[in-house]
Amino acid sequence: MNQANSTAHPVEGTPPSSSVLSKSRLRALRRWTDHGARGVITLGGWATIFSIFGIFAYLFIEVAPLFYPASWSQKTTVEIDTSDEARQNPRNVAVGINEYMEVGYVLGGRGMAFYTFPTGSPIHLESMPDFEEGDVTALARSPGKDDVYGLGTRVGRVIPLYVTFRVTFEDGVRTTEPVVTAGEPFEAVPTGDPIARLAYRETDSGPIAAALTGSGRLFLTKMQESEAEGLFALEKESELLRTEIIDEGVEALSVLLLDDLGETLLGGTTDGRLLYWDIEDVQNPRLMGMYSAGTSITALSYLIGDRSIVVGTEKGTVSVWMSVINPDVGGDPRLQKIRDLASHDGAVTAVSPSLRDKGFLTADASGSVAVHHSTSSQTLIRIPGNGTAILAAMFAPKTDGALVLDGSGRLITYDIENEHPESTFSSLFLPVLYEGYEELLHIWQSTGGSDAFEPKFGLWPIMFGTLKGTIYAMLLATPLAVLGAIYTAMFMHPNIRAVVKPVVEIMEALPTVVLGFLAGLWFAPLLEKIFPAVVAMFLLIPLAVVVVCVGWQLLPSRLKGTSGNVTELAVFLLVLAGTVWLCLQLNHQIESWLFNSNYKGWLQATFGLAYDQRNALVIAFAMGMAVIPTIFSISEDSLSNVPPHLIAGSLALGATPWQTLTKLVIISASPGLFSALMIGLGRVVGETMIVLMATGNTPVMDMNLFNGFRTLSANIAVEMPEAPHGGTLYRLLFLAGLLLFVFTSIVNTLAEIVRQRLRARYSQF
Amino acid sequence: MPDKIKKFLSSGTLFVWFCGTAVAASLLMVGGVLLLIMINGLGFFWPHALMELTLRDGTRVLGELKGEEVIPHSETPEFPEGKTRVRLKVGNRDLYGLDFRWVDTDQIALADSPKDVAAFERREWGNFYGRIREIAKGEDVVATGNQEGWKALQPLIEWANDLHDEIEHLQRDVIGDINFDIEETRLRIRELELRAQRESPEVAELQAVTRQLEAHYQKHVATLRALSRQLDEYSVLLVETNGREKRLPVGQIVKALRPNDMGLFEKILRYFMNFWSVLSEEPREANTEGGIFPAIFGTVMMVLIMSVAVVPFGVLAAFYLREYARQGLIVRVIRIAVNNLAGVPSIVFGVFGLGFFVYAVGGTIDTLFYPEALPTPTFGTGGILWASFTLALLTVPVVIVSTEEGLSAVPREYREGSLALGATKFESMLRVILPCALPGILTGLILAVARATGEVAPLMLTGVVKLAPALPLDHHFPFLHFERKFMHLGFHIFDVGFQSPNVEAAKPMVYVTTLILVMVVIVLNLSAVAIRNHMRKKFKASAV
């Protein structure tokens, strides 16, 4: 638009040379200038107006992806040669893919093969460790950032296997080269029997394995690694701890799972039971519980963070379990099913957890693949199968794809578009059962210490905080502002009004950061000291006004002067200041009279309310102060715009000023008062700095006047600088902004329509 | 009698009194807040007297008296009023750990304000209160004793401050320039590399330039070290009131005052000098001391850029709505939209600015024009331009509404007269209506500026920082650096008051910043009101 503007200027500069032009050409030029200017101004006007709607549209565009459904597409299919053995024993196969989805592999009993994607061409590795090819009878992935496997052999040993991807850059081109190394094997089954089922996990204190033999014996083995100070350096010592677990149900085990601390062993049985052992003391495992999952359990996996357990069954059901501590029963944790997700048509054959969130991928015997998310309880993607069972599946490290191996030897990669699995309407606005909690709760806690943290995106606590702040601030501001406006408009002498109104309006110009600073650093600590006095003020000021008012009536009118003059205002100020001063002086006495000498204790004992220094009462005062001038100014305008001849008529008909006020003026001006309140409300709802500085910003949900809260606006200010661009938190904060935008728009539109109506009505008089 | 009461109640006088009290309460609140800011802000510059208290246990406390209060829950039968205590700013943070100390009044044996104690304003650790024991040059003692030392110290401080300025100049201007050139050269080389011209002779040339610049850099750094050593040559041994010593290089002292020895005139002079140094100096000690010059500068720059952006948009829109558009449903809807925009919370504008200006527009500019600097963003991060644009959006309704008001105040006769004389619509707009509406536009602009000056929330997302390394305006081409981050008075209040490690010690600084901000905002608003009143009066007179 600036450009358009500047083109208009040269034209405007032409008139001096107009003498050269003929009259008609001049006229044409002037006409064109006029048209041009009209065009430019119209364009400029529309551009401004367009940009207003553009803001709304942009906020909406940023928010929309939160609710986009996930999508998938099949990318590469490679036919590979799988042995019959793999098909018979799918527990013996694993697949994996690197984070850029460039290199994938198939690990099986007979060896290992790497492929480049998306071309599907095999990679030949120079060196491959000897892992007793053909002798591997069971393999287990140790979940985590790296690809670590335990290979169980025919002679009861476990070989750790590490797959890493070495990335090199040359001329800005990335090349990925897989490297496979094997660790020190150890004996997991002392009898030397083949391992049929294996769970393997690398913990900080050494690897741990749970191995089930074909004859149904379960052995738990831990390589306890400790660092001992040797003669010259730290020497690694390792000690092999082993126990056989002999509990009922062991022989029916079909899947095993270990947690990352090596403290929990889980097992699923063919008769549908979930077994839960505490193995903190490896040599003394305790069976903590046995839970029914219905039918035969075919897959078990932890989600990231190792708190939620995904259980897949033969019937295709997928459920998430969690260990909870029941306060009624006592200290021991127990497992509880917290949610069911969409079922598969066939038995669940593989579960692969996401490495970044609480999502996971499941595959089944009918060949279909699904992606679920635990926190939001939703199944995001269902890829239909072709009837061929899936042997192994892996959710790509960046959750943007999957690698799947099916029974007919096809290795398939999928691209998955799944940006915001955490957000659904219900996960944002309805209570959710989060990890480590006992009940459905509304919680906002967007970031945590580690990757394994489960983000809690319940918006309700913040919306609640917004409402809380708004309600308290409006409760304080409305009476002061509206009553003040009534007095100023109706009873005050015009000369005083000409001073008072601008003074109150100056308050409107006061930056809210100043009010926030004063509220947080001056008023909050002060209020903590003088709280009893403030309570007394609310009681005593009305009383004082009544007493002085009655007394004032008894004074001879010679002293009083006309109503609404300076003397009267001075009396109000004196009464007010005097009462405030008195209350402050009597602070301690009041505390002992009303609150038993300790108001905090009294509040706690009488109402069970805790008193925080930065609380809603402080906010009510500060935000009230920010909004009083707005409400005052608009109310005063609408009251004094009531046509004077109506008032004069009412007074002439014998009504007292009071009757005129209540029966005529307030009623006529009520739409104006309404719009004043609406505009004030809009201002309070979005106020940021005061709330940011004068509350604790804790997203708690209670209406306690004496503790803090967090509002939508403060939440944006606190979290936006840390939110990664395009992430779920970023978009959720945009959603918070959009909510504010929509709410204030509704409120303001309402106010504006009412005001325009009012204006139209009075223009008739 | 009951009749009288009934009459009194129905007369509504009581209600009127409540209304009046509400006005009084509002006035009291405004007055109270302004008074609070004034007292705390203006009191900051005054050289406060130093009190030396001797306590009953024989120890002494030296510092500025900062208030007195009744100790909570200290009422006893003997003291029904409760005991009192005083609060002193004792400084010497490096020795005591805390800047403030409470002393129970009944512990004080003797209160005195000796003339020979001094307050030393230091570059680090805040103020030191005490006396001088000796001044040394290296190992040699130059002056001993408080009196002699004080006399010797004054010229030394002056000398050290000069030297400090020189070091500052070298560091910021000379070395800063070299660093700037090195960075520019690096980017130029990277740019050539990106264009696959790694082998071109220009690259070699530039690399040679870099080496040369680095050599220069080393040379200046050596000079800098020499100067710093020189600065540390003189040291002063200070002693606090209980006899603990602290040796300090003279270069660490910014100024030394003996407030108890100063006359009223001297104090007034010092008051204004302090005021000026706060306005003109750079901040120190995580913004809690020194001045607020960069924040003032940043605020002014941002507001200027914003004005340039907001006026054309606002004025064009107002002219369109008032003069060109056919009044009807659409204009009504647009008016409502404009009013809505005025009511949208400022943080929402911040969110929009971050998403649209910073990430979308800025990110695009970076990939198109600054690929050599990537992945370090140039415009793809918060900066003064984006902050100004965001505030321009925020304040555009203010300008529209004010301009419209200005336009509606222009009497119809003017328009009709101009058109009747044969002017086209645009000509009468430009020559007649615009000059008449100018006060309205100006009012709008001033109100917009006042609003932008006090707004903080959107800036926090679009480019304000607690400490900007460089001003957005300097002598490097292209002089105005729109992409730079900046400091802002309002954010300074938030940051120093709520993010600094020692909030209690930072409070005076916050009050001063608040005072300056509030003064600016109020002056702007009052001038807008004055212009508007003047305009109304003028047209009222001419309309008759």
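The values are calculated or read from the model by the stated rules, or taken from the named source; none is laboratory data. What you see is a predicted model, and the numbers here were worked out from it, not measured in a lab. FYI the Cβ positions are ideal-geometry reconstructions off the backbone, even for glycines, and counts take in every protein chain you see. For accessibility, only protein heavy atoms count, side chains too; no ligands or nucleic acids. Shrake-Rupley method; radii C 1.70, N 1.55, O 1.52, S 1.80 Å.
Summary table
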item: Probe 1.4 Å - accessible area at B:Phe313, Å² to nearest ten; result: 70 Å²
item: Simple label model, 7 Å out from Cα along Cβ direction - A:Ser592 to B:Trp276, nm; result: 5.5 nm
item: Using alpha-carbon coordinates, inclination of helix A:23-63 to the longest axis of chain A, degrees; result: 50 degrees
item: Net charge over other residues, Cβ less than 11 angstrom from the Cβ of A:Asn615 (K, R count +1; D, E count -1); result: 0
item: The stretch A:331-378: equivalent-ellipsoid semi-axes (sqrt of 5 x gyration tensor eigenvalues, Cα, Å); result: 22, 14, 10
item: For B:402-409, mean number of other protein chain Cβ atoms within 10 Å; result: 0
item: Shape call, chain B: gyration tensor on alpha carbons, a/c limit 1.5; result: oblate
item: Probe 1.4 Å, all protein chains present, accessible-area order of B:Tyr96, A:Tyr611, largest first; result: B:Tyr96, A:Tyr611
item: Total accessible area lost when A and B pair, probe 1.4 Å, Å² to nearest 100; result: 8600 Å²
item: Cut-off 13 Å between beta-carbons: net charge of the residues surrounding B:Phe369, Lys and Arg +1, Asp and Glu -1; result: -4
item: Reference-scaled alpha-carbon Rg (2.2 N^0.38 Å with N residues) for the protein assembly as shown; result: 1.14
item: Tensor-based shape of the stretch B:134-257 (alpha-carbon gyration tensor, a/c under 1.5 rounded, otherwise prolate or oblate); result: prolate
item: Within chain A, helix-based [θ] at 222 nm, where runs of 4 or more DSSP H residues each add -39,500 (n - 2.57), nearest 500; result: -12500 deg cm²/dmol
item: Protein-protein interface of the stretch A:30-72, residues with accessible area decrease of at least 40 Å², isolated chain reference, 1.4 Å probe; result: A:Arg30, A:Asp34, A:Arg38, A:Ile41, A:Trp46, A:Thr48, A:Ile49, A:Ile52, A:Ile55, A:Tyr58
item: 10 Å Cβ neighbours from other chains, averaged over peptide A:541-549; result: 3
item: Using θ = phi - 60° and Karplus 6.51 cos²θ - 1.76 cosθ + 1.60, couplings along the stretch B:501-511 (whole Hz; Gly, Pro as x); result: x, 10, 4, 4, 6, 8, 3, x, 4, 5, 5
item: Relative compactness, the stretch A:640-698, computed as alpha-carbon Rg over 2.2 N^0.38 Å; result: 1.82
item: Extension gain, B:Gln230 back to B:His73 (0.36 nm per residue minus Cα-Cα distance, nm); result: 51.0 nm
item: CD proxy at 222 nm, helix term only [per DSSP H run n ≥ 4: -39500 (n - 2.57); per residue of chain B; nearest 500]; result: -19000 deg cm²/dmol
item: Contour excess over end-to-end distance, with Cα ends at B:Asp116 and B:Leu304 and 0.36 nm allotted per residue; result: 62.8 nm
item: Solvent accessible area, Å² - B:Glu81, 1.4 Å probe, full protein context; result: 140 Å²
item: List A:Trp32, A:Trp46, B:Trp46, ordered by accessible area with a 1.4 Å probe, largest first; result: A:Trp32, A:Trp46, B:Trp46
item: Vicinal HN-Hα couplings computed from phi for the stretch A:614-622 (Karplus, 6.51 cos²θ - 1.76 cosθ + 1.60; Hz; Gly/Pro x); result: 9, 10, 5, 5, 4, 4, 4, 5, 5
item: Listed residue (A:Thr728, A:Ile471, A:Ser668) projecting farthest to the positive dipole end of the stretch A:460-762, Cβ model; result: A:Ser668
item: The protein assembly as shown - percent of accessible surface contributed by carbon and sulfur, probe 1.4 Å; result: 59 percent
item: Percent of Cα-Cα distances greater than 28 Å, calculated over the stretch B:367-511; result: 45 percent
item: 1.4 Å probe, heavy atoms, protein only - residues of the stretch B:457-493 losing at least 10 Å² accessible area vs chain alone; result: B:Ala457, B:Met460, B:Leu461, B:Ile493
item: Square roots of 5 times each gyration tensor eigenvalue, C-alpha, chain A, largest first, Å; result: 71, 38, 22
item: Efficiency of FRET from Cβ geometry, A:Asp451 and A:Ser121, R₀ 41 Å, rounded to 0.05; result: 0.80
item: Listing of the stretch B:366-397 residues, each with accessible area lower by at least 40 Å² in the full protein assembly than in the chain alone (probe 1.4 Å); result: none
item: Placed amide H near A:Leu433: partners under 5 Å, 5+ positions off or other chain; result: A:Leu441
item: The protein assembly as shown, accessible area per residue, ligands and nucleic acids excluded (1.4 Å, Å²); result: 45 Å²
item: As computed over the stretch A:460-762, the Cα convex hull volume per residue (Å³); result: 151 Å³
item: From phi via Karplus (6.51, -1.76, 1.60), per-residue ³J(HN,Hα) for the stretch A:247-255 in Hz, x at Gly/Pro; result: 10, 5, x, 4, 5, 8, 4, 10, 9
